[in-house]
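Okay, structure first, notes after.
Readers should treat all values here as calculations from the given coordinates under stated rules, not as data from a laboratory. Small disclaimer: the values here were computed from a predicted structure and weren't measured. Positions of Cβ are generated from backbone atoms using ideal geometry, with glycine treated the same way; all protein chains shown enter the neighbour counts.
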Amino acid sequence: MDFDYTPKVKELQQRVAAFMDEHVYPNEDALIAQIAEGDRWQPTRLMEELKQKGKAAGLWNLWQPKSHGGTLTNLEYAPLCEIMGRSAFAPEMFNCSAPDTGNMEVLLRYGTDAHKKQWLEPLLDGTIRSAFAMTEPAVASSDATNIEARIERKGDNYVINGRKWWTSGAPDPRCKILIFMGKTDPDNADRHQQQSMVLVPMDAPGVKIEKILPVFGFDDAPHGHAQVLFENVTVPVSNILLGEGRGFEIAQGRLGPGRIHHCMRLIGLAERALEKMCRRTLARVAFGKPVAEQGVTQERIAESRILIDQSRLLTLKAADLMDKVGNKEAKKEIAMIKVMAPIMACRVVDWAIQAHGGGGVTDDFGLAQAYAHARLLRLADGPDEVHRNQIARLELKQYMHR
């Protein structure tokens, strides 16, 4: 098992890091200020300018899998995704943001030529954005077979009804297309063949954003998370992805790479939190000596380094397995990192907050929002409990019928 980065990856790491130093970190405060001006839900001029710089630098769409037109494997993309994760703003500058990367991967793998022409091409170009509508407020969506939204065929159309929430990106005015998961065959004896996925234009009659869902008070504008009502929304039958009853199949194809991306970004987020913790504790004096010399601080710094490196190695192992044997065969490793990385990030960021004292819970250091993001990811793409159960089942399976 060789995780030494290739010369190509090392060169890309240097280029991405240089872009972060030149364009991302110096502009974070300006981006926050522009979002706060006027309508928070309008994209900022500065972000659009920086996206063009990312494109011009040849660092655009690095997420795109080698199997579908890209140049990088999962293992090669992972360390680049980590660097992007150091800033909440960075992924969009490289067109590597969630949920767009997952949705683009769905269109690459399962979309028709017409789907790709209408939706994938502008997404790849970064001129529009997208959202993924699966979770519902009325049911425990940790078990996705519970979803109640309906996709009913009527002639040459599907009629869609339901209420979704945590539809990330839906409030963004650039969001033009949703991937919607609902039931086409609720009476099917196989609960995993009742659901389908269909493309729904955001401006289709009957699509209504009911409210924005903040995370610990952060609205994540202009991206955001929304509760969306679908009332008799009509789309052509040609908008179905892959075919009726294949929603779970698509979901598994989508969520595997997405979970790797989330985990690597979290590692970058935790690395930056650790850096802030070290700098802060070296600069502050309490009880006659720098806070960095206090035993409890050193223990937390050491534990943070251990946890971050553990998470990185396990994530790289999962990425390597995905490349070699596919997402399905790497499902245990994917589940393991999806549990470990958010818990690790929450712990490291929490310690960094503590090291900053009262300043840590303000907006001044970015740690409060980092914690909110990490904590959300213990629920997004499946809660910890679901992944732990899967890991346990796969582990127990080895000992059955022996």
Under 5 Å, built H, 5+ apart or other chain: amide partners of Met202: Ile177, Leu178
Unit charges at the beta carbon, dipole of segment 222-346: most positive-side option, Ile301, Val235, Ile260: Ile301
Distance histogram for the chain (every C-alpha pair counted, 10 angstrom bins, percent rounded to whole numbers): 5, 22, 32, 26, 12, 3, 1, 0
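By count of other Cβ within 10 Å, fewest leading, how are Asp203, Asp320, Asp187 ordered? Display every interim value, and only then the final one.
Numbers: Asp203 9, Asp320 19, Asp187 6.
Going from least to most buried by this count: Asp187, Asp203, Asp320.
Quote the FRET efficiency, to the nearest 0.05, computed for Asp364 versus Leu46 with a Förster distance R0 of 22 Å and r equal to the Cβ-Cβ distance. Could you put the intermediate results ahead of the total?
Working: r = 20 Å, r/R0 = 0.92.
Computed FRET efficiency for Asp364 and Leu46: 0.60.
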Listed pairs Lys116/Lys332; Lys66/Lys317; Lys164/Lys338; Lys208/Lys328 exceeding 25 Å between Cα atoms: Lys116/Lys332; Lys208/Lys328
Full-extension gain in nm, Leu396 to Ala18, via 0.36 nm per residue minus C-alpha separation: 131.5 nm
At least 30 Å along the helix axis (C-alpha) and Kyte average at least -1.0, DSSP helices within the chain: 247-283, 295-325, 331-355
Protection proxy ranking of 143-155, 342-354 - average other beta-carbon atoms within 10 Å, highest first: 342-354, 143-155
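Just want to confirm a number: the relative contact order over the chain, from Cα pairs under 8 angstrom separated by 6+ residues, in percent. Please list the in-between numbers first.
Details: 656 pairs, mean separation 57.1, N = 402.
The normalised contact order for the chain reaches 14 percent.
Pairs of Cα atoms under 8 Å, at least six residues apart: use those to get the relative contact order of segment 190-304, whole percent. Provide the component values of the computation, followed by the final result.
Working: 97 pairs, mean separation 27.5, N = 115.
It rounds to 24 percent for segment 190-304.
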Pair Lys324, Arg388: separation of 7 Å Cα→Cβ label points (nm): 2.9
Expected 222 nm ellipticity per residue - DSSP helices of 4 or more, -39500 (n - 2.57), all of the chain, to 500: -15000 deg cm²/dmol
